[in-house]
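The structure appears below as structure tokens.
The values are calculated or read from the model by the stated rules, or taken from the named source; none is laboratory data. Remember, predicted model here, so these are calculated numbers, not experimental data. Cβ: placed from backbone, ideal geometry, glycine included. Neighbour counts: every protein chain shown. When the accessible area is computed, the model is the full protein with side chains, heavy atoms only, and any ligands, DNA or RNA have been set aside. Shrake-Rupley method; radii C 1.70, N 1.55, O 1.52, S 1.80 Å.
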Amino acid sequence: MLIPAVLICLSCGVKPVPPPKGTFCDPLKKERDCITLDFRDGKTILNEKEYALKSSGILNYAFSAESVTYDVEVLNENRVRIVGTDGSQKLFLRLKEKGERKKEWARLWQVIKESLGL
């Protein structure tokens, strides 16, 4: 029963999509400790320097900076966990861009209107 379901999903052309680009910051520090991750273009910006971001899965990425390799695990669209080979482990939250909430609410309102036939 499971095999036909898998075959149907594969034949539908459903492809996993990488998360959107964003700036992620450590919420536990007063001074902003941020990293910019562009999953689709494979770029990481950390401390004003750009590094190559390599995908090892749709939700797992890695990059090397200053002789330390960091594994990036995407927890959801707004959270990433970064673990370094030097023993560091941090949880980063995505910063919302200006006007992003308005766009989200407008999209939601449009879906509600369409479902109600307004």
Worksheet, complete the sentence: Output for region 47-118: trypsin sites (Lys or Arg not before Pro) sitting in coil per DSSP, at most 11 other Cβ within 10 Å, listed by number, reads Lys98
Discussion item. Quick one: 3J(HN,Hα) in Hz for region 81-88, Karplus 6.51/-1.76/1.60 with θ = phi - 60°, rounded, Gly and Pro as x.
Written reply: 10, 10, 10, x, 5, 7, x, 7
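Please report, as a whole percent, how much of the solvent-accessible surface of the chain comes from carbon and sulfur atoms (probe radius 1.4 Å).
Percent of accessible area from carbon and sulfur atoms in the chain: 57.
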Worksheet item: Between the helical axis of 100-116 and the dominant principal axis of the chain, each derived from Cα atoms, what acute angle in degrees is found, rounded to the nearest 10?
Response: 20
Discussion item. I'd like the orientation of helix 2-12 relative to the chain: the angle between its Cα long axis and the longest Cα principal axis, in ° from 0 to 90, rounded to 10.
Written reply: 90
Worksheet item: For the chain, with only Lys/Arg (+1) and Asp/Glu (-1) charged at the beta-carbon, what is the dipole magnitude about the Cα centre, in debye rounded to 20?
Response: 500
Discussion item. Running a GNM on the chain with Cα contacts under 10 Å, which residue among Gly84, Gly57, Gly99 ends up with the highest mean-square fluctuation?
Written reply: Gly99
Worksheet item: Once a ≥ b ≥ c are taken as the square roots of the eigenvalues of the Cα gyration tensor of the chain, is the result rounded (a/c under 1.5), prolate (a/b larger than b/c) or oblate (a/b not larger than b/c)?
Response: oblate
Worksheet item: In the chain, which longest range has no GluC sites (Glu not before Pro) that are both DSSP loop (not H, G, I, E or B) and surrounded by at most 13 other Cβ atoms within 10 Å?
Response: 1-30
